[in-house]
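Report on the structure given below.
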Amino acid sequence: MMTNKKELNIFIENICNEFEPSVDLRVLTDNTKKMLEFFLNNQNWIEKSCLKNEEFDTISFDIVLCDNKKIHEINREYRNKDCPTDVISFAIFADSEPEERFVFDNEINLGEIIISLEKTKQQAQENNHGFYVELYFLLAHGILHLAGYDHRTEETLNEMWDMQKEMTGVLNV
């Protein structure tokens, strides 16, 4: 259980111009904080994350909302995959060796989550649920990656999906 409330700094940039539905960044920020607080209050999850045994008062990360063209460029450049994808996470803190991780002024910068709004909308339609259900599911997935979770096996993928469902369950979407 989180013994003291952590400050959560989430910076969101929407570079996907004129996308429908429009995304209210204030609501997105508030809901992201709710999911992150839920994560931070689950000691079992923390024990398996890069946050285990870390002392901090503040967590920060960035979210970039983009289109398929931009995420395709990023996917090709950084992951050598020549196609658009739904979400990419750059887990700065988790991907560093434990002895190289730094907490500056009691703040941990977890990294960056990039989400294609076009892919989100497409997958929401394919999965027969709402746009925001899909958006928050992808966002929860990105948060888990920033915390050091990965899905190299079907078992770990299913574990992450279960965690994503729990995290998004705290929202009214």
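Just so you know, all these numbers are worked out from the coordinates, no wet-lab data involved. Model, not experiment: these values are computed from the prediction. Cβ atoms come from the backbone with ideal geometry, glycine included; neighbour counts cover every protein chain shown.
Annotation: amide H-H contacts under 5 Å for ILE63 (H modelled 1.01 Å from N, sequence separation of 5 or more, or interchain): PHE11, ILE12, GLU13, ILE113.
Within the shell defined by Cβ-Cβ distances under 13 Å, the residues around GLU134 carry a net charge of 0, with Lys and Arg each +1 and Asp and Glu each -1. Taking 26 Å as the limit for the C-alpha separation, the pairs LYS5/LYS52; LYS34/LYS69; LYS48/LYS70; LYS33/LYS165 exceed it in the case of LYS34/LYS69; LYS48/LYS70.
Restricting to the chain, compute how many DSSP beta bridges are antiparallel as a %, nearest 5. Each step should come with its number before you reach the end.
Working: 6 of 23 bridges.
So the antiparallel bridges amount to about 25 percent of the total.
For LYS69, neighbours were defined as the other residues whose beta-carbon sits under 12 Å from its Cβ, and their charges (Lys and Arg +1, Asp and Glu -1) total 0. For the chain, the mean residue ellipticity at 222 nm estimated from helices alone is -13500 deg cm²/dmol, where every DSSP H run of n ≥ 4 contributes -39500 (n - 2.57) and the total is divided by all residues, rounded to the nearest 500.
Across region 150-166, coupling constants 3J(HN,Hα) worked out from phi with the 6.51/-1.76/1.60 Karplus curve, θ = phi - 60°, read 9, 9, 7, 10, 5, 4, 6, 5, 5, 4, 5, 4, 4, 5, 4, 4, 5 Hz, and Gly and Pro carry x. Within the shell defined by Cβ-Cβ distances under 9 Å, the residues around PHE19 carry a net charge of -3, with Lys and Arg each +1 and Asp and Glu each -1.
Phi angles across region 58-69 convert, under the Karplus curve 6.51 cos²θ - 1.76 cosθ + 1.60 with θ = phi - 60°, into 3J(HN,Hα) values of 9, 10, 9, 6, 10, 10, 10, 9, 9, 9, 5, 4 Hz, Gly and Pro given as x. Normalised by the number of residues in the chain, the average gap of Cα pairs under 8 Å and 6 or more apart makes the relative contact order 25 percent.
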